[in-house]
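First the structure, in the form of structure tokens, and then the observations on it.
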């Protein structure tokens with residue numbers, strides 16, 4: 001009893017205790033991995049110190065932050081060889097904030113919102129069931145120089161991050177989140193550099209068969225060129241469905257579904273990798289977003305210089321003025337090893353009718 005009380009005092013509340021207990025169980029499972037060599041504890045931790053301000057915020061916030069270049073996560077994955085080229089695989093991974101130790105990306109995030117799936121993979125492709133990535137995630141992350149940063153990647157800020165400034169609010173362009181719950185996905189084998197993914201998320205609402213998410217993404221890589229595209233029709237928000245976000249235009253009514261598509265390319269010119277993307281999203285509330293993104297990754301020294309610019313133009317009903325957002329980021333990412341890097345990034349952000357805002361961060365990222 002004394003030990004339990006002492007543990008509760010240390011972690012403060014039940015949610016924190018659950019987080020610590022889960023981490024301990026995952027670590028214990030992997031410590032016995034000599035019997036199952038494909039079971040592994042894996043993850044990433046990323047923290048930074050910086051000054052953050054997005055357009056529409058009256059003042060900047062200086063802080064220790066989480067996820068300057070990547071959202072931190074941890075979990076356990078595993079595979080089993082079933083013979084004849086077939087294997088079973090699973091993933092249970094969770095987001096967390098290393099600056100505070102809080103679980104999830106935001107207060108209402110589910111515990112295993114990053115991954116909670118099981119599947120089979122073989123010569124005819126792979127099938128996964130459960131919480132898995134959505135069609136939009138890999139193309140968006142891969143085809144911009146700042147990867148999956150929701151702090152300094154212009155493309156991700158426009159696509160996924162809602163802001164509530166003092167004088168302006170930005171609603172994310174892409175609905176449905178980067179992962180879908182209750183889904184079945186199929187990935188084809190790679191054929192001459194081409195791969196296709198098909199996604200279907202069940203609405204699980206009796207009498208509402210039309211409330212579902214469907215999508216597909218394709219990717220192609222050949223030599224110095226890589227291309228990708230996705231299309232998705234979303235009627236369910238994730239990880240828990242609370243309806244699709246309203247438009248920043250405050251258009252009449254709330255959207256109940258959104259259609260989005262994306263094309264992107266990377267060209268390796270030797271001295272630099274060049275990035276270009278275009279995406280379009282439209283909802284049944286008559287709100288349309290068009291986003292361009294250009295970027296570059298220039299190797300230098302023990303790392304690379306990164307630069308990216310994104311422009312989104314949002315339009316809606318005739319009685320609502322159009323909205324535009326421009327964001328540009330530049331920085332340097334220095335590799336200490338294959339798993340650890342240091343980074344420093346500055347960013348400028350401006351929304352129509354608001355003053356330009358600036359962000360500057362410096363941090364460290366480690367993969368395990």
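All of the numbers you see were taken from the coordinates with simple rules; none came from a lab. This is a predicted model, so every value here is computed, not measured. Cβ: placed from backbone, ideal geometry, glycine included. Neighbour counts: every protein chain shown.
Brief remarks follow.
- Ordering 214-221, 183-190 by mean Cβ neighbour count within 10 Å, with the highest value first, yields 214-221, 183-190.
- Stokes-Einstein D (µm²/s) once Rh is taken as the Kirkwood radius of segment 265-368 over alpha-carbon pairs, at 10 °C in 1.306 mPa s: 100 µm²/s
- Debye-sum result for segment 38-367 in log10 I(q)/I(0), which assumes one identical scatterer on each alpha carbon, at q = 0.08 Å⁻¹: -0.37
- Percentage, to the nearest whole number, of Cα pairs in segment 115-225 over 21 Å apart: 49 percent
- FRET efficiency for residue 106 and residue 192, using Cβ-Cβ distance with R0 set to 41 Å, rounded to 0.05: 0.50
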